[in-house]
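Input: a single structure, listed below in structure tokens.
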Amino acid sequence: MADRFEIGRKTRRAVLGDAQVDRAEAEVTAFDAPFQQMITEGAWGTLWADGTIPLRERSMLTLALLAATGNFAEIPMHIRATRATGASPQDVMQAFLHVAVYAGVPKANHAIRLARETFAEMEREA
């Protein structure tokens with residue numbers, strides 16, 4: 001599992017960037033360390049590291065699933081990750097249009113607002 005953890009750390013940094021991962025790692029406590037290990041190994045070291053689906057498509061799937069399930073808190077982080085995954089704003093919009101049809105317009109509307117705000121912040125930072 002140590003290899004899976006290191007693969008996960010590398011993948012997480014490649015997708016989210018050093019600053020985001022450094023912040024997350026700095027906030028780890030003894031209480032949530034097992035959870036951080038699990039997501040590093042499982043989400044990043046297994047799922048995101050699997051090359052079957054390109055990062056662009058994986059990014060779009062992740063954003064659509066976050067929106068469809070109403071897990072909006074991570075949408076800005078994953079919008080920022082599109083810099084590394086290659087998902088364009090148009091790709092993101094297509095993912096959220098699918099959310100509107102298959103999971104509900106209010107969820108898509110909220111996700112689109114978050115994406116619009118985050119893309120604007122990213123543009124100002126550039």
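Here are some notes:
- Only one of Ala115, Ala108, Ala126 that is within 21 Å of Leu16 (Cβ to Cβ) and at pLDDT 95 or above: Ala115
- Among the conditions (1) touching a residue at least 24 places away in the same chain (Cβ under 8 Å); (2) assigned to a helix (DSSP H, G or I); (3) touching a Ser or Thr at 6+ places or on another chain (Cβ under 8 Å), the only one that His78 does not satisfy is (1).
- Residues in the stretch 89-115 that are within 20 Å of Arg56 (Cβ to Cβ), surrounded by 13 or more Cβ atoms within 10 Å (Cβ to Cβ) and free of Cβ contacts under 8 Å to residues at least 12 places away in the same chain: Leu97 alone.
- Picking from residues in the stretch 15-61 that are more than 24 Å from Val92 (Cα to Cα) and acidic (Asp, Glu), the one that is surrounded by the most Cβ atoms within 10 Å (Cβ to Cβ) is Glu41.
The values are calculated or read from the model by the stated rules, or taken from the named source; none is laboratory data. Predicted model, so just to flag it, every value in this text is computed and none were measured. Cβ: placed from backbone, ideal geometry, glycine included. Neighbour counts: every protein chain shown.
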